[in-house]
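Here is the structure we will look at.
The values are calculated or read from the model by the stated rules, or taken from the named source; none is laboratory data. On a predicted model such as this, the values are computed, not experimentally measured, just so you know. Please note: Cβ atoms are built from the backbone with ideal geometry, for glycine as well, and neighbour counts cover all protein chains shown.
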Amino acid sequence: KYKIQKTRKYKKEEEERQKLIYDKEKDTYQDENRKIYIRIKDKIRKRESGYKSKTKVYKCFDYNTNGQKTKTYYFTEKFEKYRKQSQENIQSEEGINERINRSIQAEGVFSKLKEGLGYKRFRHKGKKNIEKEIDMMAIAININTLLNKLKRKETKPKHREILYKNRDCCYDFHHYATAPLFCLSYNKRI
């Protein structure tokens, strides 16, 4: 939404809305060309969550500009109040820092998922199955990252010494850490 607000079309429409003059007594708007917008109805939209939003619809019937006979504006007071508050938060110093951090943090993981693992789309249907699938991919990425760190010897697990001392154990940690990792559901090498 923030990127859409930067477009020329959005700015032009927002500028037109800002120039409208509201008349409380008649409950109408008037633009700079003295065209009057009359409140024709209220749209009440109910979401799946049960939240109801009320939108006021104002229409100008004698618009007649560039072949367009009528023009309509939609106003949702609560939404516009929250949008203004959101805009202030986004443009604050803290908001700018959060946006920068978010773009940096999320980009790395998604690039690993899409380019590194060649993962372009979900293979299952349904919200629960998709959540399980993305959880599996997240675990695979985390294990892959851990293995790369172990290969570079950036982190040394505390259990390594214990496993080397216990030769009766059938799992050798060093062998396990350098073995290729497979994603079980797709039998793909990661």
Please work out which one of (1) β-branched (Val, Ile, Thr); (2) within 25 Å of Lys3 (Cβ to Cβ); (3) modelled with pLDDT of 85 or more is the condition Ile100 fails and give its number. (3)
Which pairs do you get when a residue that is in the same structural domain as Tyr29 (by TED's automatic domain parsing) and more than 15 Å from Ile36 (Cβ to Cβ), found in the range 66-82, comes within reach of a residue that is in a strand (DSSP E or B) and among the hydrophobic types (A, V, I, L, M, F, W, C), reach meaning Cβ atoms under 7 angstrom, with the pair 6+ apart or on two chains? Tyr74/Val57
Cβ pairs under 7 Å, 6+ apart, first in the range 110-133 and within 14 Å of Asn144 (Cα to Cα), second of a type in the set (Ser, Thr, Tyr): Leu113/Tyr119
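Every residue, every condition in (1) modelled with pLDDT under 50; (2) among the hydrophobic types (A, V, I, L, M, F, W, C); (3) out of contact with any Lys or Arg (no Cβ under 9 Å at 6 or more places or on another chain), yes or no:
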| site | (1), (2), (3) |
| --- | --- |
| Gly108 | no, no, yes |
| Thr155 | no, no, no |
| Cys169 | yes, yes, yes |
| Lys188 | yes, no, yes |
